[in-house]
Structures are given as structure tokens and as C-alpha cells.
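Values quoted throughout were computed directly from the atomic coordinates according to the rules given, and no laboratory measurement underlies them. If you're wondering where the values come from, they're calculated on a predicted model, not measured in any experiment. Cβ atoms come from the backbone with ideal geometry, glycine included; neighbour counts cover every protein chain shown.
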């Protein structure tokens, strides 16, 4: 199967948001996606995204990430979402997207690439371990949603 990895354009945002929604459904939390194309457009300077595109123009996968700073190591990339449509898995699409993120990390002299994976997502865990990722079961996420941010005391 032929596909290319390229930088996402603004006109890709509807397809990217569709992939985000697919991922949320897979992760059993579709109701948590509140992002919109309009919001993505207004916040486009805060993230970077690569898409996997078939020759037909269909967007079949994406890697969305941003620059982060971790006090222990310094400049890093945080991979927020890596997702490939189910019917295109096992065709090296995920590997190509992840390779692109690591290419950027090397070019920008990052000290770490970090992301999260759900404990029950064994196919993803297996993929990441096969690629050499170190999974850290020690740390827990601490999140506040928008309401929590505004109601923090």
C-alpha cells in the first residue's frame, strides 16, 4: 500500500479531528472530545501534526505533537496522538508517523519524546515496546478539565 507522510494543512483539520474522534471512541471516551475545527484553527500555532495520506487523498493516520519542557531533561516533544485507521494498521503507517516525530526530535535537539498509552491497549503497548519505548508505570496523570481550571481554589 502506498502512502506519504506530510505536514498537515489547515484544510486537513476536519479529517484530523475525525481521526481524533475515532481514537476517542476506540479509547471508550468519545464524549470527552470537545475540540472543534474552529478551535484547531485558532490554536494552530500550539501544535504540529503530520498526516499519512493515500494516493487517493484519504487521510489514514496522524501524529499530533507539541514542544514541551521537562525540568529533568529539557526540551522535549510530547506526542499527544498517534492514530492509524484500523483498516490500515500493520502496513507500517504508524511506524512511518512515529519515525517522522523522531526525525523532528533529532533535528531540534530534543532530549525526550514522551506520550501516554492506556494500560489495556495491548496492541499499542506491544508496538511501542517493539520500537524500544520504555513504559513507566510509576507516574499517574493529574488532569483538570476546563471547569476544573476555572473552579480551582
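Tabulated results
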read-out: Criterion violated by residue 17 - all others in (1) in contact (Cβ under 8 Å) with a residue 24 or more places away in the chain; (2) surrounded by 14 or more Cβ atoms within 10 Å (Cβ to Cβ); (3) in a helix (DSSP H, G or I) satisfied; value: (1)
read-out: Looking only at region 1-14, and only at residues there that are touching a residue at least 60 places away in the same chain (Cβ under 8 Å) and more than 16 Å from the chain's Cα centre (by Cα), the one that is surrounded by the most Cβ atoms within 10 Å (Cβ to Cβ); value: 3
read-out: Evaluation of residue 149 against (1) farther than 30 Å from residue 58 by Cα; (2) in contact with a helix residue (DSSP H, G or I) (Cβ under 8 Å, 6 or more places away or on another chain) (one fails), failing number; value: (2)
read-out: Residue within region 27-41 that is within 19 Å of residue 92 (Cβ to Cβ), surrounded by 12 or more Cβ atoms within 10 Å (Cβ to Cβ) and in contact (Cβ under 8 Å) with a residue 60 or more places away in the chain present; value: no
